[in-house]
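**Q** Just dropping this structure here.
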Amino acid sequence: MGRMRRCGHILRHRYPLNMSQNRILLILKNEGPMKQRELMERMNIQAGSLSEIIAKVEAAGYLERTRSEGDKRNLELTLTDAGRERAEIFEQEREQVAHDMFTVLDDTKKEELFDILGVLLEKWSEGLECCCAHEKNPEKGCEKESSANNA
């Protein structure tokens, strides 16, 4: 388990923003401006946590918060040009990292790894009664995790 944790640690430090911050950029890049509440629901995250993450992304100059025209109580989040550029760079880096991660393995080792991961996923999925929305939409997150975190 230590090796898996170490691999994750190395991958997380490849990007200037953390995964939640990059995820916000990708969601806004792909779906356009949205209200903070919509993003909170989309990410399955609590309001306080999202506000903290947004403040950091805004301080980095990647997004702007503006009052919604229709309802001044709502904040609308929009990527800046720098935010759009950062999201595009992150997407490219993520694809490159995913490709590079496995170049150290020959085809046989890759097949073995994917087979092992398939077995693990099948076993870990046994008994799950929900059809998690994140299986269809990985950006959404797991509803079970959200309800457990909110309890």
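**Q** Do we find a residue being in the same structural domain as ARG94 (by TED's automatic domain parsing), more than 17 Å from the chain's Cα centre (by Cα) and assigned to a helix (DSSP H, G or I) anywhere in region 45-52? Outline the logic, then answer.
**A** Going residue by residue through region 45-52, those that are in the same structural domain as ARG94 (by TED's automatic domain parsing) are 45-52.
Now drop any that are not more than 17 Å from the chain's Cα centre (by Cα), which leaves 48.
So of that shortlist, the ones also assigned to a helix (DSSP H, G or I) come out as 48.
Yes.
**Q** Among the residues of region 9-36, how many are more than 22 Å from ASP71 (Cα to Cα), assigned to a loop (DSSP other than H, G, I, E, B) and among the small types (Gly, Ala, Ser)?
**A** Residues that pass the stated criteria total 0.
**Q** With (1) under 21 Å from the mean Cα position of the chain (by Cα); (2) surrounded by 14 or more Cβ atoms within 10 Å (Cβ to Cβ); (3) of a type outside the set (A, V, I, L, M, F, W, C) as the list, and GLN92 as the residue in question, which single condition is left unmet?
**A** The failed condition is (2).
**Q** Could you grab me the full set of residues in region 104-140 that are more than 17 Å from MET4 (Cα to Cα), under 20 Å from the mean Cα position of the chain (by Cα) and either modelled with pLDDT of 55 or more or part of a helix (DSSP H, G or I) (or both)?
**A** ALA133, HIS134, GLU135, LYS136
**Q** When you go through ARG37, ARG42, ARG65, ARG6 one by one, which is the residue that is charged (D, E, K, R), in contact (Cβ under 8 Å) with a residue 60 or more places away in the chain and assigned by TED's automatic domain parsing to the domain that holds PHE90? Steps first, answer last, please.
**A** Working: ARG37 fails: in contact (Cβ under 8 Å) with a residue 60 or more places away in the chain; ARG65 fails: in contact (Cβ under 8 Å) with a residue 60 or more places away in the chain; ARG6 fails: in contact (Cβ under 8 Å) with a residue 60 or more places away in the chain.
Going through ARG37, ARG42, ARG65, ARG6 in turn, just one is charged (D, E, K, R), in contact (Cβ under 8 Å) with a residue 60 or more places away in the chain and assigned by TED's automatic domain parsing to the domain that holds PHE90: ARG42.
**Q** Here's another thing I want to ask about it. Every residue in region 38-63 that is surrounded by 14 or more Cβ atoms within 10 Å (Cβ to Cβ) and closer than 14 Å to LEU25 by Cβ, please.
**A** LEU39, ARG42, MET43, LEU50, ILE53, ILE54, LYS56, VAL57, GLU58, ALA60, TYR62, LEU63
**Q** Just to be sure before I move on: is LEU39 assigned to a helix (DSSP H, G or I), within 26 Å of LEU11 (Cα to Cα) and at pLDDT below 90 in the structure I sent? Break it down stepwise before answering.
**A** On the way: assigned to a helix (DSSP H, G or I): yes; within 26 Å of LEU11 (Cα to Cα): yes; at pLDDT below 90: no.
Answer is no for this residue.
**Q** Next question, about the same structure. Restricting attention to region 53-66, which residues are part of a helix (DSSP H, G or I) and more than 15 Å from SER20 (Cβ to Cβ)?
**A** Pass one, region 53-66, residues part of a helix (DSSP H, G or I): 53-59.
Residues satisfying the conditions do not exist here.
**Q** Still on this structure, please answer the following. Filter region 67-99 for residues that are in a strand (DSSP E or B) and modelled with pLDDT of 90 or more; which is farthest from ASN18 (Cα to Cα)?
**A** Residues of region 67-99 in a strand (DSSP E or B): 67, 75-79.
If we keep only those that are modelled with pLDDT of 90 or more as well, we get 76-79.
On the way: GLU76: 22, LEU77: 18, THR78: 19, LEU79: 17 Å.
Restricting to residues being in a strand (DSSP E or B) and modelled with pLDDT of 90 or more, the top hit is GLU76.
**Q** Then there's this: Out of the residues in region 19-37 meeting the condition of being of a type in the set (Lys, Arg) and under 19 Å from ASN74 (Cβ atoms), tell me which one is surrounded by the fewest Cβ atoms within 10 Å (Cβ to Cβ). Break it down into steps so the answer makes sense when it comes.
**A** Of the residues in region 19-37, the ones of a type in the set (Lys, Arg) are 23, 29, 35, 37.
Those still in the list that are under 19 Å from ASN74 (Cβ atoms) too: 35, 37.
Numbers: LYS35: 16, ARG37: 13.
By that ranking, first place goes to ARG37.
The values are calculated or read from the model by the stated rules, or taken from the named source; none is laboratory data. Please read all numbers here as calculations on a predicted model, not as lab measurements. Ideal geometry is used to build each Cβ from the backbone, glycine not excepted, and the neighbour counts take in all protein chains shown.
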